[in-house]
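The values are calculated or read from the model by the stated rules, or taken from the named source; none is laboratory data. Being a predicted model, the structure only gives us computed values, none of them experimental. Note that each Cβ is placed from the backbone with ideal geometry, even for glycine, and that neighbours are counted across all protein chains shown. What goes into the accessible areas is simple: the full protein's heavy atoms, side chains included, and nothing from ligands, DNA or RNA. Shrake-Rupley method; radii C 1.70, N 1.55, O 1.52, S 1.80 Å.
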Amino acid sequence: MKTLYVGFKKFSHHPINPSEQILSLLKEKGKDTLLLDVLYEKDALALLKKAKGYDAIIILALSPFAKEPVLERYAYNERDSVQADNAGIIKTKEKIEAKGPASRTTELEVSSLSQSLIREGEEAAIGLDPGRFVGNECYYRCLKDHPHTLLIHVPLNEDHPIKETLTVALLAEDYIAGR
């Protein structure tokens, strides 16, 4: 099974983005990675172009509100954040796809993945709301043609050790691959 890991550059007032740091560690382990720039639409289009040929996609996106990794089940057809992307663009109450469904769901069993993580001594919450920022847009667009995509919201480093979040990402890949 061929897996692509996706992360994002720093944005807003966050001096670092832990997803970028995790991507760097994954790259050192020989994993395929894609670093995106926190830009509406452009990031999703770059991801869709790169995603061809991959069996699974794991998107790692910063959530400064998370205290542990969060496995997101849904993606919503909406851009709605007071947060500006790295081009300074703010999108509110706007659909991602004019005729797309209100939401898309990963085909991955996030509850089973969560239980698998617990058996390995790791924890991750199950999320029902991926926000309405760039990570959600990438997830929503990717799920259309790649149902084995998972968005993991990554906490700030001071809230959860980066090595443990890395372990969650690697265990998620193992789970998806049936290992």
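Highest-first packing order for the peptide set 82-92, 150-160, 14-24 is 150-160, 14-24, 82-92, based on the mean count of other beta carbon atoms within 10 Å. Computed over neighbours whose Cβ is under 12 Å from that of residue 80, the net charge equals +1, Lys and Arg +1, Asp and Glu -1. Among the protein heavy atoms of the chain, carbon and sulfur supply 49% of the accessible surface, probe 1.4 Å, non-protein parts ignored. Taking Lys and Arg as +1 and Asp and Glu as -1, the other residues whose beta-carbon sits under 12 Å from that of residue 115 total -3. Model label sites at residue 128 and residue 92, defined 7 Å from Cα along the beta-carbon direction, differ in position by 2.6 nm.
Measuring r between the beta carbons of residue 116 and residue 12 and using R0 = 41 Å, the FRET efficiency lands at 0.80.
Listed cross-link partners 9/95; 10/49; 52/91; 2/42; 2/95; 50/144 are compared with a 19 Å cut-off, the Cα-Cα value being larger for 9/95; 10/49; 52/91; 2/42; 2/95. In the chain, the DSSP-assigned H stretches of four residues or longer account for a calculated mean residue ellipticity at 222 nm of -10000 deg cm²/dmol, using -39500 (n - 2.57) per stretch and the full residue count as denominator. In the set [x] 17; [y] 47; [z] 23, the label that goes with percent of Cα pairs over 27 Å apart computed for this structure is [x]. Computed from phi, the 3J(HN,Hα) profile of region 56-72 under the Karplus parametrisation 6.51, -1.76, 1.60 (θ = phi - 60°) reads 9, 10, 10, 9, 10, 9, 5, 10, x, 8, 6, 10, 8, x, 10, 8, 8 Hz, with x in place of Gly and Pro.
Placing unit charges on the Cβ atoms only, positive for Lys and Arg and negative for Asp and Glu, gives region 55-104 a dipole magnitude near 180 debye about its Cα centre. Each residue of region 150-166 was assigned a 3J(HN,Hα) from its phi angle through the Karplus expression (A = 6.51, B = -1.76, C = 1.60, θ = phi - 60°), giving 9, 9, 10, 7, 9, x, 4, 4, 6, 8, 7, x, 4, 5, 6, 5, 4 Hz with x at Gly and Pro.
Please give me the summed charge of the neighbours of residue 70: other residues whose Cβ is under 12 Å from its Cβ, Lys and Arg +1, Asp and Glu -1. Charge balance near residue 70 sits at -3. A cut-off of 5 Å between modelled amide H atoms, ignoring neighbours fewer than 5 places along the same chain, links residue 79 with 94, 95, 96. Roughly how far apart, in whole Å, are the Cα centres of region 6-62 and region 79-154? About 13 Å separates the Cα centre of region 6-62 from the one of region 79-154. Rounded to the nearest 20 debye, the dipole magnitude of region 72-150 is 400 debye, with +1 charges on Lys and Arg beta carbons, -1 on Asp and Glu beta carbons, and the Cα centre as origin. Counted residue by residue at 0.36 nm each, then reduced by the alpha carbon distance between them, the extension gain from residue 107 to residue 164 reaches 18.1 nm.
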